[in-house]
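Below: the structure, in structure tokens.
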Amino acid sequence: MIRTVPKPRILTLTVAAAMAALPVGSAWGNMAAPPEPQTVHRGSPLGEPAGGLRDVFIEHETLRMDLRPLAKARPAIVEAVYRVRNDGAARTLDLVFVANGLAKGATTVSVDGRAVAATPGAAASLPASWRAPATTPSLAEVDTANAQLPYEPRNEGTLAFRVSLPAGRHEIRVRYPAEASAFQDNDLTPVWQLGYVLAPARDWAGFGALDVRVELPRGWKAESNLTLRSEGSALAGTFRGVPADAIALSVQKPEPASGVWYLLWFVFATAVLGLCAWAAWRVGGSLGRRGKSSAWALPASAGMTVAWTIAAAIGWSFIPNLVEWQAGPYVGEYAVRSLSYGSTMLLLLLIPLMLLSGIITLQVAAFLARKRTLARDGQS
């Protein structure tokens, strides 16, 4: 496990193999061998390797998880490149790439550099060891050795495609956008969780090496269940064989310096309130010229107070991200998930105070403007 200073998703490759002279067989996994379905405890399918994958080896897998788009609340990009070797006769493989977190966007599949049509679908039931990890590492500063965060992946999907695999070495490449899960903790920024399932690779005829590289937004914290070295704004590692059932990642944008962003938010909120107070002053002056009570300004004050509160709440969401200029503001669906539990609760506590102080301020402005107008015009 490693923390870096520079939250994708789980995927596994399910394979259905068929040799020209053999019946079609099916296989699950991150390049996994086909199980012989049986009824076992909890209904998990088990079985020995069979079908057309006995002679197919994974010589090398290169996994690249680009988490930098998370800085702008966009889906991460996952790319898995498999160098496989077929020691048997030519065969046809129906490949189903199971990608938890599969998001809308550009998805590409290629075999030996040739594009292959892929059909999106829903993930089928997988063996328990091939599912997403139940937890990801904690990013807490203290007692991190065994601390874990519950992980609930989103949008389990699949990409199905068919290829012909002659004898010899081949490259299979899959690239797709993946949504991360946001763990809501008592922080100003959420913990993004991502995972990648490795266990099914053990069911192939053999598995050589795995190269992992995780690209992080600059300055973000990260924890992994695997021992990964820090390389600038990235984590990297090389492993012989399958190092774990899954890779589990937790990443988090550092909280902005509270003094800076609180000051900027206060200046922003005060400026907006000042603009509303100027408008209330104008309303109060108009009431004074017409000889009406400042109570008539109450509807206008209430409306402007609500508008000010909404503007201040929007500023509460965006200003921390603008302070961290390289990250940019949160947009779209992720904007809703960008506020963590702590900052959301603090904002909810501030809203009643803002409404009360806002309407008092605006009414006082209207009252003083009316009084000044009456005094100037010589009225009591």
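The values are calculated or read from the model by the stated rules, or taken from the named source; none is laboratory data. Note that the coordinates shown come from a computational prediction; the quantities given were computed from them, not determined experimentally. Neighbour counts run over all protein chains shown; Cβ positions are idealised from the backbone, glycine included. Accessible surface areas use protein heavy atoms only, side chains included; no ligands, DNA or RNA. Shrake-Rupley method; radii C 1.70, N 1.55, O 1.52, S 1.80 Å.
Counting the residues of the range 69-92 that are part of a strand (DSSP E or B) and surrounded by fewer than 16 Cβ atoms within 10 Å (Cβ to Cβ) gives 2. Kindly check whether there is at least one residue in the range 230-240 that is at pLDDT 95 or above, over 14 Å from the mean Cα position of the chain (by Cα) and crowded, with 21+ Cβ neighbours inside 10 Å. The answer is yes; a qualifying residue exists. Can you confirm whether ARG202 is open to solvent by 20 Å² or more (accessible area, probe 1.4 Å), among the charged types (D, E, K, R) and assigned to a strand (DSSP E or B)? No; evaluated as a whole, the condition is false for this residue. Within the range 79-93, residues that are on the phi < 0 side of the Ramachandran plot reach partners that are open to solvent by 50 Å² or more (accessible area, probe 1.4 Å) and in a strand (DSSP E or B) with beta carbons closer than 6 Å, at six or more positions or on different chains, in the pairs GLU79/ARG64; GLU79/ARG175; VAL81/THR62; VAL81/ARG173; ARG83/GLU171; ARG85/PHE57; ARG85/ARG169; THR92/SER164.
Checking VAL364, VAL323, VAL331 one by one, the residue that is at pLDDT below 80 and open to solvent by 50 Å² or more (accessible area, probe 1.4 Å) is VAL331 and no other.
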